[in-house]
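Novice: One structure is given below, represented as structure tokens, and several questions about it will come after.
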Amino acid sequence: MRVFAHRFFLLTLACMLCLGASAKKKEKGVYLFGYGTALLDSTVYLSAPVFLDSATIDPKTKIVHSIVRYSNQFQSYVEALYQPHVTCAVFYHTDKAKLEKQYLKIRRRVNNDKSLRLTELAAEEFKFVWVPNDERTPNSYLGEMPEKASKKKKKKADVPDGRPSDNMNKSNKGRGGKR
């Protein structure tokens, strides 16, 4: 009887774990807003929080896919209408209340700082446009990284007695190297 109860308990536990894993709520959509600052004149640009239903978060890194592209959208808009050389960032969350709390915190901090001027962009004025995930680069949130040039290893030119050649000694002058 004890073996039967033990097996029944294990079977029930396994079923609950399987059902729990399959019933896991799949997050769909992200709330986000843009923040930009012009360092030349201390102006801060803040967009209203919006919901993008097609935007997704990478489950491994917990970062929105193509986050750099959303930041570039906001930067292009601000630079086209207001002024060039604006540094931008995008804040995001799946929970609307948490994102609004973060938005209000940033807004309050900027309003309290008398040296900063706040320019708010209404939801009708600026909207993020969904960017499809780029499949060829799995970490597209990192942006495009240039390929590193392969460095060729320099061979040491040895003199017959085993010492480095004079060319090597000349390159070490002034570097504290041995002559």
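What follows is calculated from the coordinates using simple rules that are stated; it is not laboratory data. Fair warning: this is a prediction, and the values are worked out from it, not measured in the lab. Every residue, glycine among them, receives a Cβ derived from its backbone with ideal geometry; neighbour counts consider all protein chains shown.
Novice: Considering only Cα-Cα distances, which of the following residue pairs are longer than 18 Å: K60/K101; K96/K127; K60/K127; K28/K96; K28/K62; K60/K98?
Specialist: Pairs exceeding the cut-off: K60/K101; K60/K127; K60/K98.
Novice: Still on this structure: For the ranges 90-96, 123-129, 65-71, what's the packing order if you count other beta-carbon atoms within 10 Å of each residue, average per peptide, and put the highest first?
Specialist: 65-71, 90-96, 123-129
Novice: To the nearest 20 debye, what is the magnitude of the charge dipole of region 57-108 about its Cα centre, counting +1 on the Cβ of each Lys and Arg and -1 on the Cβ of each Asp and Glu?
Specialist: The calculated dipole for region 57-108 is roughly 300 debye.
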